[in-house]
1. Give me B:Leu64, B:Leu98 sorted ascending by neighbouring Cβ count inside 10 Å, so fewest comes first.
2. Relative to the compact-globule scaling 2.2 N^0.38 Å, provide the ratio for the alpha-carbon radius of gyration of chain A.
3. Taking 20 °C and 1.002 mPa s as the conditions, I'd like the Stokes-Einstein D for the protein assembly as shown in µm²/s, using the Kirkwood hydrodynamic radius from alpha carbon pairs.
4. Distance between Cα centroids, the range A:41-55 to the range B:7-27: provide it in whole Å.
5. Which lysines, on any chain, are close to B:Lys79 with Cα under 27 Å apart, when same-chain ones fewer than 8 places away are left out?
6. Short version: what are the Cα gyration tensor semi-axes of the range B:1-109, square root of 5 times each eigenvalue, largest first, in whole Å?
7. With 10 angstrom as the radius, rank B:Met23, B:Met1, A:Met52 by how many other C-beta atoms surround their C-beta, starting from the fewest.
8. Which percent, nearest 5, of DSSP beta bridges in the protein assembly as shown are antiparallel?
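No value in this document is a laboratory result; all are computed from the given coordinates. This is a predicted model, so every value here is computed, not measured. Cβ sites come from the backbone with ideal geometry, for glycine too, and all protein chains shown count toward neighbours.
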Amino acid sequence: MPSADEVKRRIETGIPGAAAEVQTHDEVHFDVVVRASAFEGLTRVKQHRLVMDIFEGELGGAIHALALKTEVPT
Amino acid sequence: MSDNEIRTLIAQAIDENDTILFMKGSPDAPACGFSARTVAMLQQLETPFAAVDVLPDPRIRQELSAISNWPTIPQLFHKGELIGGCDIVTEMYENGELGEALGAPAQSGPAPAPAGAGPAPAAPMGIENRLN
């Protein structure tokens, strides 16, 4: 089971320049806020996909749920 | 019915309905909290939408996710584009973007609803019905 730190590290590695805040109480449900300039100009669906793609194959498995919020830095 | 035929029907439904929600259960009887919340937001905006229940056949969900490249249910589409799931719809609802994106009367400005505008049509698309 991934820790919050591991999820954070993987997001920040997967999306260069991203800053992620990750919270979890049980290491299977994660609340994640990602701020990245890479999101600029993308629809929310595309922003979410950038993050979800990092965990391809794990969602619904080791990671039960990832509640995701994406932001473009101002 | 083959998986391919189901996929074609789903693609058609997305194409033929301006706003369409794939959900668990029906708008009147949602079978999941995320679907229920999404329906409630759409109803709050008084925007008409078609709804398809993915539960009657697991292949509906399987083929839908293959088309949309989106893993979870619900999924809201407008004019053929995936708007998002419950999280995105909630965020857009809260900051006013949802009504704008859907051209809904309740958030897109002071324009009154046209006379005789009724409530959203109940699930004109029944993929599950065509599966029988």
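1. With the sparsest Cβ surroundings first, the list reads B:Leu64, B:Leu98.
2. Against the compact-globule rule of thumb, the ratio is 1.01.
3. In µm²/s, the coefficient is 118.
4. Between the Cα centre of the range A:41-55 and that of the range B:7-27, the gap is 22 Å.
5. Correct list for B:Lys79: A:Lys46, A:Lys69, B:Lys24.
6. Equivalent-ellipsoid dimensions as semi-axes: 23, 14, 12 Å.
7. Fewest-to-most ranking of B:Met23, B:Met1, A:Met52: B:Met1, A:Met52, B:Met23.
8. Counting DSSP beta bridges with both partners in the protein assembly as shown, the antiparallel share is about 55 percent.
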